[in-house]
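**Q** Dropping the structure in here first, questions after.
The values are calculated or read from the model by the stated rules, or taken from the named source; none is laboratory data. Everything numeric in this text was worked out from a predicted model, so none of it was measured. FYI the Cβ positions are ideal-geometry reconstructions off the backbone, even for glycines, and counts take in every protein chain you see. When the accessible area is computed, the model is the full protein with side chains, heavy atoms only, and any ligands, DNA or RNA have been set aside. Shrake-Rupley method; radii C 1.70, N 1.55, O 1.52, S 1.80 Å.
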Amino acid sequence: MMRPVLRLDGAGASPLLGRPVLDPPKALWNGLMLVGALTLTPFFTSWSAVVLFLAMTYATLLVGHSVGMHRMMIHRSFTCPKPLERALIYIGVLVGISGPFGVIRIHDTRDWAQRQTKCHDFFAHTRSLPSDLLWQLAYRFEFQRPPTLTLEPNLSDDPWYRVMEATWRWHQLALAVILYLIGGLPWVVWGVCVRVIVSTAGHWTVTYFCHNPGQRRWQVKGACVQASNLPGLGLLTYGECWHNNHHAFPESARIGLEPDQLDPAWWLISLLERLGLARNVGRPRGEESREDLLPVAG
């Protein structure tokens, strides 16, 4: 059996009872980025700004979100020296989806709900993609009986993490000043507004398709939501598209488990391991500990 990272106490909680409600801060944040991207790009665009957008989007999602926030912080699939840990999380903050505690709350609540026998459409991603994107970009789920989230003391008691959580939106302003001094308004529009909304909407789009029917190698017993692998998208999604593998082996720092499953985030973690900067690197548990999994034929 997998040894899970337990932050949620679901005793008495229900992942089914409740409803999505408008989350004004989330809606305003993502709405401003969307409006800024749509209204300003016709007037403030340059080739260097577009190249900056592509490079920053890929780098921050790969290094900060996939490696730092998802595989290291959330799943504890590897550890690293504190300065590097904080650098990875800071790059994750620059993605602009949420602060570190908010990302944990979003992820762990969804993961807990999906592993129950039933859960609300908000967590199962069973509505249309436009409806689901609206929910994820502007709404939160209001539980009738919520689970209890308890963060590890090494995160919740760390002043640096607490500052990152309290100030995560403001780091885009500091970044905007730097970009303006280098490349003017086009770099600000493409390096902040376009990048943040594309990163956030892109994250939820990949999440949507990874949690709908598709290619599967494993089935998690008792889970109402079975994740799928998305062939051909390894490079584009930093390896996060091999989500069926990830649901089966969340303890593994490597998500692309087959030779043809490209996993850039794992390449970076593997490099850090060879350099002695990543330790306790998780791999898929052995066959003797997979009683919670059922292989899917074909």
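**Q** Return P(r) of the stretch 5-152 (all Cα-Cα pairs; 5 Å bins starting at 0; whole %; ordered from short to long distances).
**A** Pair shares across the bins are 2, 8, 14, 17, 19, 17, 12, 7, 3, 1, 0.
**Q** For the chain, calculate the relative contact order in percent as a whole number, restricting contacts to Cα pairs under 8 Å that are 6 or more residues apart.
**A** 28
**Q** Seen from all sides and averaged, what is the projected area of the convex hull of the Cα atoms in the stretch 197-298, in nm²?
**A** 7.5
**Q** Which value, in debye to the nearest 20, describes the size of the charge dipole of the chain about its Cα centre when Lys and Arg Cβ atoms bear +1, Asp and Glu Cβ atoms bear -1, and nothing else is charged?
**A** Roughly 160 debye for the chain.
**Q** Something else now. Using the Cα atoms as the points, what is the convex hull volume per residue of the stretch 241-298 in Å³?
**A** Taking only Cα atoms, the stretch 241-298 has a hull volume of 98 Å³ per residue.
**Q** Based only on Cα atoms, what mean projected area does the convex hull of the stretch 154-250 have, in nm²?
**A** Averaged projected area of the stretch 154-250's Cα convex hull equals 9.0 nm².
**Q** Can you list the equivalent-ellipsoid semi-axes of the stretch 60-126, largest first and in whole Å, using the square root of 5 times each Cα gyration tensor eigenvalue?
**A** Values: eigenvalues 129, 32, 14 Å².
After diagonalising the Cα gyration tensor, the semi-axes are 25, 13, 8 Å.
**Q** While we're on this one: When the chain is modelled as a GNM with alpha-carbon springs shorter than 10 Å, which of Gly232, Gly286, Gly183 fluctuates the most?
**A** Of the options given, Gly286 has the highest mean-square fluctuation.
**Q** Through the Karplus equation 6.51 cos²θ - 1.76 cosθ + 1.60, θ set to phi - 60°, convert the phi angles of the stretch 232-243 into ³J(HN,Hα) values in whole Hz; use x for Gly and Pro.
**A** Values per residue, Gly and Pro as x: x, 10, x, 5, 5, 10, 6, x, 6, 6, 7, 6 Hz.
**Q** For a quick check: with amide H placed at 1.01 Å from N, whose amide H comes under 5 Å from Trp242's, ignoring anything fewer than 5 positions away on the same chain?
**A** Excluding prolines and chain starts, which carry no amide H, the hits are Leu230.
**Q** Now, a different point. Mean residue ellipticity at 222 nm from the helices of the chain, using -39,500 (n - 2.57) per DSSP H segment of n ≥ 4 over the full residue count, to the nearest 500 deg cm²/dmol?
**A** Here the helix-only value at 222 nm equals -14000 deg cm²/dmol.
**Q** Follow-up. Bins of 10 Å, beginning at zero and ending with the bin holding the largest distance: percent of Cα pairs per bin for the chain, please.
**A** Per 10 Å bin, starting at 0, the Cα pair percentages come out as 6, 26, 36, 24, 6, 1.
**Q** Please give the charge dipole size of the stretch 126-232, origin at the Cα centre, charges +1 on K and R Cβ atoms and -1 on D and E Cβ atoms. Round to the nearest 20 debye. Please report the intermediate quantities before stating the final value.
**A** Details: 9 positive and 6 negative charges, 86 e Å.
Roughly 420 debye for the stretch 126-232.
**Q** Provide the solvent-accessible area of Tyr208, counting protein heavy atoms only and rolling a 1.4 Å probe, rounded to the nearest 10 Å².
**A** 30
**Q** In addition: Need the list of aspartates and glutamates near Lys82 for cross-linking: C-alpha distance under 12 angstrom, and skip anything on the same chain fewer than eight residues off.
**A** In chain and number order, the partners are Asp158.
**Q** Something else now. Among Gly12, Gly31, Gly99, which one moves the most in a GNM of the chain with springs linking Cα atoms closer than 10 Å?
**A** Gly12
**Q** Give the accessible surface of the stretch 26-99 per residue, rounded to a whole number of Å², with probe radius 1.4 Å and ligands, DNA and RNA excluded.
**A** 42
**Q** Could I ask something else about it? Just read off the accessible area of His243 with the full protein assembly in place, 1.4 Å probe, to the nearest 10 Å².
**A** 30
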